[in-house]
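The block underneath contains the structure these notes are about, expressed in structure tokens.
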Amino acid sequence: MSYVDGFIAAVPTEKKDEYIAHAKISAMVFKDYGALKVVETWGDDIPDGEITSFPMSVKCKANETVVLSWVIWPSKDVRDVAWQKTMEDPRMQEDQNPMPFDGERLIYGGFNIILEE
């Protein structure tokens, strides 16, 4: 069954175009190593929470927008091999493709699909 990597980040709103450029390169790299699909979304209707929320999870500031992204892989095995290659790929290095956001507040993880309709 497919495997999904999920990401949530707070991106400076004024850097939306830079983020899109970064995401396009990253998506190309992921797909070069076997990803089936890469989806990037820019927050639009994200409420603040009292206990928890997307903005709270990444310590989103007033001048930032929450981004939710995911990569779909054919399997966890493909993802595990691809992840190492992705991190070593020159296109993913900071000098080639700098992250236009604070990577320390990035939340990510791998997920097994339990329902797909």
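Listed by first and then second residue, the pairs linking a residue in the stretch 20-43 that is without any contact (Cβ under 8 Å) to a residue 12 or more places away in the chain to a residue that is aliphatic (A, V, I, L, M) and part of a strand (DSSP E or B), with Cβ atoms under 8 Å apart and 6 or more places separating them unless they lie on different chains, are Lys31/Val38. Here Met99, Met87 are screened, and the one residue that is hydrophobic (A, V, I, L, M, F, W, C), over 28 Å from Ser53 (Cα atoms) and at pLDDT below 95 is Met87.
Exactly one residue out of Gly43, Gly110, Gly34 is under 14 Å from Tyr3 (Cβ atoms) and within 14 Å of the chain's Cα centre (by Cα), and it is Gly110.
Residues in the stretch 89-117 that are exposed (fewer than 10 other Cβ atoms within 10 Å of the Cβ), under 14 Å from Ile25 (Cα atoms) and acidic (Asp, Glu): Glu94, Asp95. Would the stretch 76-84 turn up any residue that is charged (D, E, K, R) and either over 27 Å from Glu116 (Cβ atoms) or free of Cβ contacts under 8 Å to residues at least 40 places away in the same chain (or both)? Yes, because at least one residue in the stretch 76-84 is charged (D, E, K, R) and either over 27 Å from Glu116 (Cβ atoms) or free of Cβ contacts under 8 Å to residues at least 40 places away in the same chain (or both). Residues of the stretch 47-75 that are surrounded by fewer than 14 Cβ atoms within 10 Å (Cβ to Cβ) and either of a type outside the set (D, E, K, R) or under 15 Å from Pro12 (Cα atoms) (or both): Pro47, Gly49, Ile51, Thr52, Met56, Lys59, Lys61, Ala62, Asn63, Ser75.
The values are calculated or read from the model by the stated rules, or taken from the named source; none is laboratory data. Remember, predicted model here, so these are calculated numbers, not experimental data. FYI the Cβ positions are ideal-geometry reconstructions off the backbone, even for glycines, and counts take in every protein chain you see.
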